[in-house]
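The values are calculated or read from the model by the stated rules, or taken from the named source; none is laboratory data. None of the values given here were measured: they were computed from a predicted structure. Because the Cβ atoms are built from the backbone with ideal geometry, glycine has one as well, and the counts that use them run over all protein chains shown. Only protein heavy atoms, including side chains, enter the accessible area calculation; ligands, DNA and RNA are left aside. Shrake-Rupley method; radii C 1.70, N 1.55, O 1.52, S 1.80 Å.
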Protein chains: 2
Amino acid sequence: VEETATNSKATHLTYSTRSTFAANALGAKLFDLMQRKKTNLCVAADVTSKVDVIRIADTVGPFICCLKTHCDIVADWDAGAGQELRALAAKHDFIIFEDRKFADIGNTVVNQCSHGLYKIADWADFVSAHSLPGPGVIEGLQKSAKDSQHLGGLVLLAQMSSKGNLIDQKYVENTLAMAQAHRDVVFGFISQQKLASEPQDGFIYMTPGVKLEQGTDALGQQYNTPESAIGKKGSDVIIVGRGIIKAKNMAEAAKQYQARGWAAYEARVRA
Amino acid sequence: VEETATNSKATHLTYSTRSTFAANALGAKLFDLMQRKKTNLCVAADVTSKVDVIRIADTVGPFICCLKTHCDIVADWDAGAGQELRALAAKHDFIIFEDRKFADIGNTVVNQCSHGLYKIADWADFVSAHSLPGPGVIEGLQKSAKDSQHLGGLVLLAQMSSKGNLIDQKYVENTLAMAQAHRDVVFGFISQQKLASEPQDGFIYMTPGVKLEQGTDALGQQYNTPESAIGKKGSDVIIVGRGIIKAKNMAEAAKQYQARGWAAYEARVRA
């Protein structure tokens with residue numbers, strides 16, 4: 001896996017070109033949005049109150065391609081929160097990524113995505129899932145998407161950045177194969193790097209745990225820089241949480257990450 | 001892995017004896033409860049309304065050791081639901097298992113377990129987690145348990161029954177090692193069979209997807225019988241969902257599963 005990114009010519013292709021390879025409409029839309037808005041920044045709004053999620057979305061909105069949510073940590077979430085996020089997504093031109101990491105059998109996942117108190121399928125553009133349970137998890141989410149006005153696809157967790165995680169080379173390959181077999185609904189990956197090696201790679205790679213400097217937190221999360229994620233490892237989107245939402249000036253921090261991520265992308269396609 | 005169960009002498013030990021090997025108090029309590037109440041049946045209350053969860057809990061309560069919930073599929077869940085379940089658990093002598101399958105980094109998992117709309121740590125006795133993200137997920141839940149009045153431990157997903165799942169032998173071994181390194185909080189596994197081979201095995205094995213006959217559902221779930229799970233494979237708890245909650249007479253069905261599961265256990269310890 002280590003060398004995939006540098007071996008593949010697809011890292012030199014623009015987001016616009018990659019958009020034409022995407023088999024899922026939302027994946028194509030995200031590539032186009034990134035190119036148009038000149039941002040590969042996704043902000044993780046990991047906060048526990050609705051007012052904070054909304055405030056973050058409205059503040060960083062102009063600088064991001066996606067807003068990543070964990071609705072299930074928000075104590076006062078309600079249907080209005082989803083509607084407000086959708087209005088802000090329209091206002092600032094970003095899409096909404098609920099990082100639920102679905103990891104159950106298909107039958108349960110349909111209910112978790114469409115029902116319950118959060119009704120994720122009612123407001124999220126896409127969600128994340130672990131490939132661990134097998135293709136049933138994808139088929140469950142596809143069912144949820146079919147009945148939803150907004151939900152347009154999903155990304156699979158192909159790698160994790162947490163210390164001691166159990167993902168090995170074979171797991172990555174199996175995940176990639178599972179995505180390729182479901183390209184109509186799986187449009188990308190949460191990963192540390194680009195994974196597919198074919199020249200016409202239409203998958204989007206999103207890398208979490210990005211900060212301006214490298215390091216580790218108290219619970220095993222390991223950080224990457226925008227340059228290593230986008231430049232060296234061929235990923236497409238940097239996901240930034242604490243580096244932005246804990247910043248004194250959130251908008252300035254988002255602007256800075258946007259610039260660093262975009263410069264890394266431009267240097268990569270020029271190389 | 002296939003032969004572990006039959007190779008190990010611990011399958012002949014009673015739940016009471018195994019209880020003395022448990023390093024976690026809730027694990028010991030569950031073993032004792034099973035022996036006292038003569039049941040190794042866990043019912044999965046996979047329904048989408050609060051009134052149905054409560055009705056199932058009250059109806060099957062007399063026959064079960066655990067009630068397994070998916071609170072996040074319940075559309076009208078509130079703090080009262082958790083309190084009612086706790087009252088029923090006290091009334092019927094069972095413990096509450098929220099099968100959340102936590103699968104994120106530690107920092108996020110703490111919030112998902114303790115906060116959000118479901119506040120799982122406020123009412124569940126134990127939860128499930130995937131070992132996939134590494135030990136951070138366990139340490140996160142340990143933090144949630146420390147601040148909780150009820151949450152006393154967790155079980156790790158060591159195997160899955162869904163078709164095409166990505167768990168291989170190495171994953172199982174890594175999960176087992178992770179549990180052994182955190183025996184104070186991890187007291188068992190969701191698995192298809194008994195896994196640890198040491199004679200003094202204090203872990204509890206819980207097997208989902210159990211029905212009176214074998215088969216598969218439309219979204220890839222594969223079923224086991226009580227005799228294969230408890231008898232042949234050395235598991236300790238059978239988890240039954242649709243076989244009971246979709247039955248015309250839920251109490252009768254629960255009673256039947258309880259009898260089948262308990263007979264399989266008695267035959268095993270006699271063998």
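Taking A:ASP78 in one copy and the same position in all the others, each labelled 7 Å out along Cα→Cβ, what are the pairwise distances from the first, in nm, shortest first?
Computed spacing set for this position: 1.2 nm.
Taking the Cα atoms of the stretch A:1-108, report the difference between the largest and smallest coordinate on each principal axis, in whole Å and largest first.
46, 36, 25
Treating the point 7 Å from Cα along Cα-beta-carbon as the label, what are the nm separations from B:PRO199 to the other copies, to one decimal?
Counterpart label points of B:PRO199 in the remaining copies fall at 6.5 nm.
Subtracting the Cα-Cα distance from 0.36 nm times the residue separation, let me have the gained length for A:ASP76 to A:VAL51 in nm, one decimal.
Using 0.36 nm per residue and subtracting the Cα-Cα distance, I get 8.1 nm.
Around A:ARG36, what is the net charge, scoring Lys/Arg as +1 and Asp/Glu as -1 over all other residues with Cβ under 13 Å from its Cβ?
Values: positive: A:LYS29, A:LYS37, A:LYS38; negative: A:ASP32, A:ASP93.
Once positives and negatives cancel, what remains is +1.
With 20 Å as the limit, write out which pairs from A:LYS29/A:LYS146; A:LYS37/A:LYS248; A:LYS163/B:LYS119 have Cα-Cα distances beyond it, or answer none.
Values: A:LYS29/A:LYS146 18 Å; A:LYS37/A:LYS248 24 Å; A:LYS163/B:LYS119 26 Å.
As for pairs spanning more than 20 Å Cα to Cα, those are A:LYS37/A:LYS248; A:LYS163/B:LYS119.
To check my understanding: the extent here is largest minus smallest coordinate of the Cα atoms along each principal axis. What are those three numbers for the stretch B:25-184, in Å, largest first?
Projected onto the principal axes, the Cα atoms of the stretch B:25-184 cover 40, 35, 33 Å.
A 22 angstrom limit on the alpha carbon distance is what I want to check against. Which of B:LYS211/B:LYS233; B:LYS38/B:LYS143; B:LYS38/B:LYS211; A:LYS38/A:LYS255 exceed it?
Check vs 22 Å cut-off fails for B:LYS38/B:LYS143.
For chain A, what % of the accessible area comes from carbon and sulfur atoms, probe 1.4 Å?
Result for chain A: 50 percent of the exposed heavy-atom area is carbon or sulfur.
Compute the convex hull volume of the Cα atoms of the protein assembly as shown, divide it by the residue count, and report the result per residue in Å³ as a whole number.
Enclosed volume per residue, from the Cα hull, is 127 Å³.
If amide hydrogens are placed 1.01 Å from N in the peptide plane, which non-local residues have theirs closer than 5 Å to the one on B:GLY134?
HN-HN under 5 Å from B:GLY134: A:LEU166.
Considering only protein heavy atoms, what per residue accessible area in square angstrom results for chain B with a 1.4 angstrom probe?
Spelled out: the 1.4 Å probe surface of chain B, per residue, equals 36 Å².
Could you work out the helix-only [θ] at 222 nm for chain B, with each DSSP H run of four or more residues adding -39,500 (n - 2.57) and the total divided by the number of residues, to the nearest 500 deg cm²/dmol?
It comes out at -11500 deg cm²/dmol, rounded to the nearest 500.
Filter chain B for me: DSSP H helices, axial length by Cα at least 27 angstrom, mean Kyte-Doolittle hydropathy not below -1.0. List them by residue number.
Helices meeting the criterion: B:250-270.
Equivalent-ellipsoid semi-axes (√(5λ), Cα gyration tensor) for chain B, whole Å, largest first? Please list the in-between numbers first.
On the way: eigenvalues 120, 104, 64 Å².
Semi-axes (√(5λ), whole Å): 25, 23, 18.
Calculate the FRET efficiency for B:ASP58 and B:ASP168 from the Cβ-Cβ distance with a Förster distance of 35 Å, rounded to the nearest 0.05. Walk me through the numbers on the way to the answer.
Numbers: r = 41 Å, r/R0 = 1.17.
So, using R0 = 35 Å, E works out to roughly 0.30.
When the Cα centres of the stretch B:238-261 and the stretch A:40-77 are compared, how far apart do they sit, in Å?
First find each Cα centre; the distance between them is then 43 Å.
What is the calculated FRET efficiency for A:LEU212 to B:LYS38, with r their C-beta to C-beta distance and R₀ = 56 Å, to the nearest 0.05? Can you show the working numbers first?
Numbers: r = 60 Å, r/R0 = 1.07.
So the FRET efficiency works out to roughly 0.40.
For B:LYS101, give me every one of the aspartates and glutamates with a C-alpha distance below 13 angstrom, ignoring sequence neighbours fewer than eight places off in its own chain.
Cross-link targets: A:ASP104, B:ASP72.
What are the distances, in nm and sorted shortest first, from the label point of A:LEU212 to the label points of the same position in each other copy, with each label point placed 7 Å from Cα along the Cα-to-Cβ direction?
Those label-point separations list as 6.7 nm.
Give me the tail of P(r) for the stretch A:129-271 as a percent: Cα-Cα pairs with distance above 23 Å.
Numbers: 4203 of 10153 pairs.
Result: 41 percent of Cα pairs exceed 23 Å.
To the nearest 100 Å², how much accessible surface do chains B and A cover up together, summed over both, with a 1.4 Å probe?
Roughly 4000 Å².
Can you return the aspartates and glutamates within cross-link range of A:LYS232? Criterion is Cα-Cα under 14 Å, with same-chain partners fewer than 8 residues away left out.
Output for A:LYS232: A:GLU2, A:GLU3, A:GLU266.
Enter the mean number of other protein chain beta carbons within 10 Å of the beta carbon of each residue in B:153-164, as an integer.
Taking the mean over all residues of the peptide, I get 3.
Place a +1 charge on the Cβ of each Lys and Arg in the stretch B:50-110 and a -1 charge on the Cβ of each Asp and Glu, then give the dipole magnitude about the Cα centre in debye, rounded to the nearest 20. It would help to have the intermediate numbers written out before the result.
On the way: 7 positive and 10 negative charges, 30 e Å.
The calculation lands at about 140 debye.
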